[in-house]
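Chemist: One structure is given below, represented as structure tokens, and several questions about it will come after.
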Amino acid sequence: MGILERKEREKLELKQRILEAAKEIFIKEGFDKASIRAIADKIEYSPATIYLHYKDKDELFYAVHELGFEKLSEMTRSIESIEDGFQQLRARGLIYLKFAFENPELYDLMFIKEAPMHALKKQEAGWDCGMENFIALQKNLALCIEQGSVLPTDIDVLSMSIWSYVHGLVSLNIRGRFEPFCELNPAIQLEKMLGESLDFMLNLIKKKNE
């Protein structure tokens, strides 16, 4: 391996260490308390080293939020082989809920916190990782319509509606808004109830056999 290749590999390895440290500190302390200095201390480098790779905290946490999308994409990759479009759609929704349940802090950064979008505005770039997920949903719905399991309608409107519905469930849960209902009724199994809510919504768009 030549000197340039070795330096490039070391650069990529350091960048990965920075991202993993940033993710760990964000999950532990939250975005507002996470600092460049804390991340630098975690990997035993100076803050100046981090600024060689990322312009500011927003740009760094945009990269962290991309890790979340990579994880979500990895979880949904297995359902692409499901030939029944409607069953694929249901599986996609359940995986989305599962991801949010297991990674609430990452989900918060991916879909609720403003920092990643601030970074995009500075870069004047598109939200590629988010749109990739949205386009996958659109393709799934197009398959459903083609197979006749969902009523023909505007794909953009339908995709936005489904995403907004499931995001609403997840966001209310992450922000603790379902906790009072669970306290009133200890028998409630929240994860199960959210899955049933997903099924209720999907049945509304399902084409009924005539």
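The values are calculated or read from the model by the stated rules, or taken from the named source; none is laboratory data. Note that the structure is a prediction, hence the values are computed from the model and not measured. Don't worry about glycine lacking a Cβ; one is built from the backbone with ideal geometry, like all the others, and counts go over all protein chains shown. Side chains included, ligands, DNA and RNA excluded: accessible areas come from the protein's heavy atoms. Shrake-Rupley method; radii C 1.70, N 1.55, O 1.52, S 1.80 Å.
Chemist: For region 134-210, what is the Kirkwood hydrodynamic radius in Å, using each pair of distinct C-alpha atoms?
Modeler: 14.0
Chemist: On to the next question. Among 39, 62, 115, which residue has its Cα furthest toward the positive end of the charge dipole of the chain, with +1 on Lys/Arg Cβ and -1 on Asp/Glu Cβ?
Modeler: 39
Chemist: Per the 1.4 Å probe, what fraction of the accessible area of the chain, in percent, lies on carbon and sulfur atoms?
Modeler: The C+S portion of the solvent-accessible surface of the chain is 53 percent.
Chemist: Could you state the angle between the C-alpha long axis of helix 3-29 and the longest principal axis of the C-alpha atoms of the chain, as a value from 0 to 90 degrees rounded to the nearest 10?
Modeler: The helix 3-29 is inclined about 60 degrees to the chain.
Chemist: While we're here: Looking at the calculated P(r) for the chain, what percent of the C-alpha pair distances fall above 31 Å?
Modeler: When every Cα pair of the chain is considered, 33 percent fall beyond 31 Å.
Chemist: To the nearest 20 Debye, how big is the dipole of region 49-109 about its Cα centre, given +1 on the beta carbon of each Lys and Arg and -1 on that of each Asp and Glu?
Modeler: So the magnitude is around 100 debye.
Chemist: Only Lys, Arg, Asp and Glu count, each charged at its Cβ (+1, +1, -1, -1), so figure out the dipole size of the chain about its Cα centre, rounded to 20 debye.
Modeler: Taking the Cα centre of the chain as origin, the dipole is about 220 debye.
Chemist: OK, next. Using a simple charge model, +1 on the beta-carbon of Lys and Arg, -1 on the beta-carbon of Asp and Glu, nothing else, what dipole does region 1-95 show about its Cα centre, in debye to the nearest 20?
Modeler: Dipole size: approximately 220 debye.
Chemist: How high is the relative contact order of the chain, in percent, counting Cα pairs under 8 Å that sit 6 or more residues apart?
Modeler: 19
Chemist: With each run of n ≥ 4 DSSP H residues scored as -39500 (n - 2.57), what mean residue ellipticity at 222 nm is computed for the chain after dividing by its residue count and rounding to the nearest 500 deg cm²/dmol?
Modeler: -24000 deg cm²/dmol
Chemist: Continuing with the same structure: Taking the Cα atoms only, what angle lies between the long axis of helix 155-174 and the longest principal axis of the chain, rounded to 10 degrees?
Modeler: Compared with the principal axis, the helix lies near 70 degrees.
Chemist: Solvent-accessible area per residue for the chain at a 1.4 Å probe radius, Å²?
Modeler: Solvent-accessible surface per residue comes out at 60 Å².
Chemist: Out of the GluC sites (Glu not before Pro) in region 1-57, which ones are loop residues according to DSSP with at most 10 other C-beta atoms within 10 Å?
Modeler: Here the GluC sites (Glu not before Pro) that fit, given the DSSP loop and packing criteria, are 44.
Chemist: Sorted by packing (mean other beta-carbon atoms within 10 Å per residue), highest first, where do 68-76, 189-197 land?
Modeler: Sorting 68-76, 189-197 by mean packing, highest first, produces 68-76, 189-197.
Chemist: Using only alpha carbon positions, build the gyration tensor of region 27-98, then give the equivalent ellipsoid semi-axes as the square roots of 5 times its eigenvalues, largest first, whole angstrom.
Modeler: Semi-axis lengths for region 27-98 are 37, 12, 9 Å.
Chemist: Residue by residue, what Karplus-based ³J(HN,Hα) values in Hz, rounded to whole numbers, does region 72-88 have, using 6.51, -1.76 and 1.60 with θ = phi - 60° and x for Gly and Pro?
Modeler: Result, rounded to whole Hz: 5, 5, 5, 5, 8, 4, 5, 7, 4, 7, 6, 6, 6, x, 5, 5, 5.
Chemist: Of 113/206; 71/206; 71/113, which pairs sit farther than 26 Å apart, going by alpha carbon to alpha carbon?
Modeler: Violating the 26 Å Cα-Cα cut-off are 113/206; 71/206.
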